[in-house]
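The values are calculated or read from the model by the stated rules, or taken from the named source; none is laboratory data. Being a predicted model, the structure only gives us computed values, none of them experimental. A quick note on method: Cβ atoms are made from the backbone with ideal geometry, for glycine too, and the neighbour counts reach across all protein chains shown. These area figures cover heavy atoms from the full protein model, side chains too; ligands, DNA and RNA do not enter into them. Shrake-Rupley method; radii C 1.70, N 1.55, O 1.52, S 1.80 Å.
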Amino acid sequence: MRRILSILISLIASIIIVIYVVTLTNPHESVREQVVIEEHVIELQYPRVLSNITVEEAILKRRSIRDYTDQPVLIEHLSLILWSAQGITDPRLKFRAAPSAGATYPLEVYVVAGVRGVLIRDGYYLKPGIYRYDPLKHVLVLVKEGDFRDQLASAALDQKWVREAPISIVITAVFERTTRIYGERGASRYVPMEVGHVGENIYLVATALGYGTVAVGAFYDNEVASIIGLEAEETPMYIMPIGVPKQPVKTSFEDLWVFIEESRRGP
Ligand SMILES: Cc1cc2nc3c(=O)[nH]c(=O)nc-3n(C[C@H](O)[C@H](O)[C@H](O)COP(=O)(O)O)c2cc1C
């Protein structure tokens, strides 16, 4: 009898523990999922080494990725991606991560963050919105609140990767900063070249941190400008959606050696 009683007590105790764990974890998770960070100025983590791959491996693995999981981008990773785009690398001269003709720095960088697009810490997300990156302070400044991914994708000829990525980076240019020194050559050559430098930095750092991106150049300038809320003198140049790739990039240096060898033997 006593044995049956003790089995019964341990059974009831187990049931209570299971109920406790279920009610404390699941609903708690869903509540935390909805928590967003409300601040208008987000101080980003200081830039530091976060990846464990070399620049050669990042170049090898860089691919235009258009298919993402629904995992968010971690804020410390976003911080490093933004720094690689336009962050300061020489505090004395205020030179930046990407070269610029005459250090005129015509480019601006924005983040279009979707709902649960940027994870700040366990269960806490950046408020969905459009943010401008301030390279000197290394902060994100909220420009506009809301999830603008749908609108941005429509402006980009309905490219679904812009709609589905947790975030997109938008690079814009204030041509005048460069043309007042270099004239037409600044507009036709230097500024577009600089966008390419920044785009490649974003590609490589995103790749090194386990994300994928694609440089999107096909969009209606006026629509993107109105979504971001740009002044008349600022032109959108690239949209770069970023997310965790559904499929890993499989290329290896060994594959390349075989390819080069075969090309050398050639037809
Ligand atoms: C200036 C430029 C504009 C591009 N525009 C788009 C675009 O609008 N949509 C897109 O899906 N890919 C776009 N791409 C990505 C190219 O399609 C891609 O780089 C090319 O297919 C080679 O693939 P890889 O980047 O994986 O090497 C663009 C690339 C560049 C350099």
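A single entry from TYR238, TYR203 fulfils the requirement of being closer than 25 Å to ASP150 by Cα, part of a strand (DSSP E or B) and among the aromatic types (Phe, Trp, Tyr): TYR238.
Any idea how many residues of the stretch 52-90 are within 17 Å of the chain's Cα centre (by Cα), open to solvent by 50 Å² or more (accessible area, probe 1.4 Å) and more than 16 Å from the ligand (Cβ to nearest atom)? Matching residues across the stretch 52-90 total 5. Residue selection: ILE202 satisfies the criterion of being assigned by TED's automatic domain parsing to the domain that holds PRO241 and open to solvent by less than 20 Å² (accessible area, probe 1.4 Å). Residue check: is LEU209 within 19 Å of SER51 (Cβ to Cβ), open to solvent by less than 60 Å² (accessible area, probe 1.4 Å), under 16 Å from the mean Cα position of the chain (by Cα) and within 15 Å of the ligand (Cβ to nearest atom)? Here the answer is no, as LEU209 does not meet what is asked. The one condition from (1) open to solvent by less than 60 Å² (accessible area, probe 1.4 Å); (2) away from the ligand (no atom under 14 Å from the Cβ); (3) without any contact (Cβ under 8 Å) to a residue 60 or more places away in the chain that VAL174 does not meet is (3). Of all residue pairs spaced 6 or more apart or on separate chains, those with beta-carbon atoms under 6 Å, a first member in the stretch 203-214 that is closer than 11 Å to MET240 by Cα and a second member that is of a type in the set (Gly, Ala, Ser) and open to solvent by 20 Å² or more (accessible area, probe 1.4 Å) are VAL214/SER64. Screening the candidates ARG189, ARG185 for the property of being away from the ligand (no atom under 16 Å from the Cβ), open to solvent by 40 Å² or more (accessible area, probe 1.4 Å) and either outside the structural domain of TYR105 (by TED's automatic domain parsing) or over 17 Å from the mean Cα position of the chain (by Cα) (or both) yields one hit, ARG185.
Here is a list: ALA97, ALA155, ALA101, ALA113. Which entry is in contact with a Ser or Thr (Cβ under 9 Å, 6 or more places away or on another chain), small (Gly, Ala, Ser) and within 16 Å of the ligand (Cβ to nearest atom)? Unique residue meeting the criteria: ALA155.
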